[in-house]
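The values are calculated or read from the model by the stated rules, or taken from the named source; none is laboratory data. Remember, predicted model here, so these are calculated numbers, not experimental data. Don't worry about glycine lacking a Cβ; one is built from the backbone with ideal geometry, like all the others, and counts go over all protein chains shown. Each accessible area value is taken on the protein alone, full model and side chains, heavy atoms only, with ligands, DNA and RNA left out. Shrake-Rupley method; radii C 1.70, N 1.55, O 1.52, S 1.80 Å.
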Amino acid sequence: QVQLVESGGGLVQPGGSLRLSCAASGFPFDYYAIGWFRQAPGKEREGVSCITTSGDSTNYADSVKGRFIISRDNAKNTAYLQMNSLKPEDTAVYYCNINMGKYFDYWGQGTQVTVSS
């Protein structure tokens, strides 16, 4: 019954901002780290950011450092990705992820982010 549902994507101009949400259900949300990944056409999924169970530590890909902020609200079972100063190269489908072990890697359906003028 594990489910992750991304939302908040859309079309935005370069330099604009979007806030993605990942609503989680079916598992104890605060027991697991959360990752955000993205996949552009013709490319493999790449890690964007991740956050620990309590939110006390975060990591970012070099390409988004200083522009994106990951956060989580365990009371709401939701993770967020605030994306600022968006660039065309940020265009991709964005996914949230939890990993519960070697054979239990869960993904949402993804939300499309398009950065274009």
Exercise for the section: Return the FRET efficiency for the residue pair residue 116, residue 23: r is the Cβ-Cβ distance, R0 is 41 Å, and the value is rounded to the nearest 0.05. Expected result: 0.95
Exercise for the section: Considering only 90, 62, 30, give the residue with the highest GNM mean-square fluctuation for the chain, with springs between Cα atoms whenever their separation is below 10 Å. Expected result: 62
Completion exercise
For residue 78, the net charge from surrounding residues (Cβ-Cβ under 15 Å; K, R +1; D, E -1) works out to 0
Completion exercise
Per the charge dipole of the chain (beta-carbon charges, Lys/Arg positive, Asp/Glu negative, Cα centre), the residue among 3, 74, 114 reaching farthest to the positive end is 114
Problem - Whole-Hz ³J(HN,Hα) from phi, Karplus 6.51 cos²θ - 1.76 cosθ + 1.60, for region 88-94, glycine and proline x - result: x, 5, 7, 4, 4, 8, 9
Exercise for the section: Leaving ligands, DNA and RNA out of it, work out the accessible area of residue 45 with a 1.4 Å probe and give it in Å² to the nearest 10. Expected result: 90
Practice task
Give me the compactness ratio for the chain, meaning the Cα radius of gyration over 2.2 N^0.38 Å.
Solution key: 1.00
Exercise for the section: State the Cα centre-to-centre distance between region 25-61 and region 90-117 in whole Å. Expected result: 8
Exercise for the section: Hey, can you find the accessible area per residue of the chain for me, probe 1.4 Å, expressed in square angstrom? Expected result: 54
Problem - Qualifying chymotrypsin sites (Phe, Trp or Tyr not before Pro) in region 28-117, DSSP loop, other Cβ atoms within 10 Å at most 14 - result: 103, 104
Fill in the blank from the handout: Under the 7 Å Cα-to-Cβ spin-label approximation, residue 74 and residue 1 lie apart by a distance in nanometres of 2.1
Completion exercise
Two pseudo-spin positions, 7 Å from Cα along C-beta at residue 56 and at residue 31, lie apart in nanometres by 2.0
Problem - In Å², nearest 10: area of residue 63 left accessible to a 1.4 Å probe - result: 60
Exercise for the section: Take residue 104, project a point 7 Å from its Cα along the Cβ direction, then tell me which residues of region 20-47 have their backbone nitrogen under 15 Å from it. Expected result: 25-34
